[in-house]
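Below is one structure, written out as structure tokens; comments come after it.
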Amino acid sequence: MTIGCRRTRKSHKDMVPLFQDMDEKVLNAICAHLKPVIYAEDNYILQEGEPLEKMLFITQGTAWSYTTISETSTTGYSNTKCLGRGHLYGEELLSWALKSTPFSELPISTRIVRSQTKVEAFAIRAKDLKNVIAKF
């Protein structure tokens, strides 16, 4: 396991309640499937309304997470969050992977994630997460 992966696992274990109760073997298996990804400045990482096909563990850079659907906003954008080092996006995939839900029923992203600066992260695809969870 790489140093970056160990750090990522440790920092996110405290942030995600489902990780806190997971066996170390499962966490190690998830970590083994993490792939480094890089997004250039000002690029869409995930789109609102599309299948949530990956979970991201941000290690460097800054991204905005926001939604364009709002019953209370007249500006078109609402509920903006800044994601940076140590943040996770896509934790709904953990709940999905723990259920016996088919791949055709991936959760839908409720937010847009867009890089503000160059973003470096570790990602795990939904199919890999589901396969890891199924083994344990």
### Query
Do any residues in region 48-66 that are under 20 Å from Arg125 (Cβ atoms) have Cβ atoms under 7 Å from those of residues that are surrounded by fewer than 20 Cβ atoms within 10 Å (Cβ to Cβ) and among the polar types (S, T, N, Q), where the two are at least six apart or on different chains, and which pairs are they?
Glu48/Thr67; Glu48/Thr68; Glu48/Thr110; Ala63/Gln116
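So that you can scan it fast, the table gives a plain yes or no per residue for (1) of a type in the set (Asp, Glu); (2) assigned to a loop (DSSP other than H, G, I, E, B); (3) under 11 Å from the mean Cα position of the chain (by Cα); (4) surrounded by fewer than 16 Cβ atoms within 10 Å (Cβ to Cβ):
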| residue | (1), (2), (3), (4) |
| --- | --- |
| Lys81 | no, no, no, yes |
| Ala97 | no, no, no, no |
| Ser100 | no, yes, no, yes |
| Thr117 | no, yes, no, yes |
| Lys130 | no, no, no, no |
| Ala134 | no, no, no, yes |
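Condition first: farther than 27 Å from Met22 by Cα, at pLDDT below 95 and not hydroxyl-bearing (Ser, Thr, Tyr). Can you find one or more residues in region 94-111 that meet it? Break it down stepwise before answering.
The initial filter retains those residues of region 94-111 that are farther than 27 Å from Met22 by Cα, namely none.
No, region 94-111 contains no residue that is farther than 27 Å from Met22 by Cα, at pLDDT below 95 and not hydroxyl-bearing (Ser, Thr, Tyr).
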### Message
Yes or no: region 47-64 includes at least one residue that is polar (S, T, N, Q), in a loop (DSSP other than H, G, I, E, B) and at pLDDT 85 or above.
### Response
yes
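Is it the case that Ser95 is of a type in the set (Ser, Thr, Tyr) and under 18 Å from Tyr44 (Cβ atoms)? Steps first, please.
Numbers: of a type in the set (Ser, Thr, Tyr): yes; under 18 Å from Tyr44 (Cβ atoms): no.
No: the conditions fail for Ser95.
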### Task
Select from region 65-83 the residues that are small (Gly, Ala, Ser) and over 17 Å from Lys54 (Cα atoms) and write down the one among them that is modelled with the lowest pLDDT.
Ser73
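The values are calculated or read from the model by the stated rules, or taken from the named source; none is laboratory data. Bear in mind that the values here come from a model prediction, so they are computed numbers and not experimental data. Cβ atoms come from the backbone with ideal geometry, glycine included; neighbour counts cover every protein chain shown.
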